[in-house]
Amino acid sequence: GGFVFVSGQLLVDRRTGRIPLVDVRRQTRMVLDNIKVILKAHGSSMDKVVKCTVYITNAAYFDEVNDVYRRYFRRNPPARVFCTVGSWPKKFDVEIDCIAVV
């Protein structure tokens, strides 16, 4: 009956620990794949996510991010906030956090 709180995830390559320079669609896939791994390690899954916050450096990326996001949350998508933020000290455009039930 508990929750898993996943703090903001970036597009870090899990094998190298580096942030690759890739387009926003690939960034979104990598972020959501990393979230999927974290949730599984804590006894949850993408189907159990109840809320996400998407942070993006440019609102013009909304459609591209949304196209990828929909593939990970096909049924009963969680509540979501989509925020435009300033740039980060590293070269990436997408960060996502979420809350899931266990």
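Data for the structure
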{"quantity": "Listed residues 54, 88, 17: farthest to the positive end of the dipole of the stretch 1-95 (Cβ charges)", "calculated": "17"}
{"quantity": "DSSP beta bridge pairing in the chain, given as percent antiparallel to the nearest 5", "calculated": "65 percent"}
{"quantity": "C-alpha long axis of helix 62-72 to longest principal axis of the chain, angle in °", "calculated": "30 degrees"}
{"quantity": "Cα-based helix-to-principal-axis angle, 24-41 vs the chain, degrees rounded to 10", "calculated": "30 degrees"}
{"quantity": "For the stretch 1-65, accessible area per residue (1.4 Å probe, heavy atoms of protein chains only), Å²", "calculated": "58 Å²"}
{"quantity": "The stretch 60-102 - Rg (one decimal) and Dmax (whole number), Cα, Å", "calculated": "12.2, 35"}
{"quantity": "Reciprocal of mean inverse Cα separation for the stretch 1-55 (Kirkwood radius, Å)", "calculated": "12.0 Å"}
{"quantity": "Ranked order, 102, 65 - accessible area, probe 1.4 Å, largest first", "calculated": "102, 65"}
{"quantity": "Computed over the stretch 1-96, Cα set: Rg, Dmax in Å", "calculated": "12.9, 39"}
{"quantity": "GNM top mover of 51, 90, 36 - the chain, alpha-carbon springs below 10 Å", "calculated": "90"}
{"quantity": "Pairwise label distance in nanometres, residue 18 with residue 85, each label 7 Å out on the Cα-Cβ vector", "calculated": "2.4 nm"}
{"quantity": "Share of carbon and sulfur in the accessible heavy-atom surface of the stretch 46-98 [1.4 Å probe, %]", "calculated": "47 percent"}
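The values are calculated or read from the model by the stated rules, or taken from the named source; none is laboratory data. All values reported here derive from a predicted model rather than from experimental measurement. Every residue, glycine among them, receives a Cβ derived from its backbone with ideal geometry; neighbour counts consider all protein chains shown. Ligands, DNA and RNA are excluded from the accessible area calculation, which covers all protein heavy atoms including side chains. Shrake-Rupley method; radii C 1.70, N 1.55, O 1.52, S 1.80 Å.
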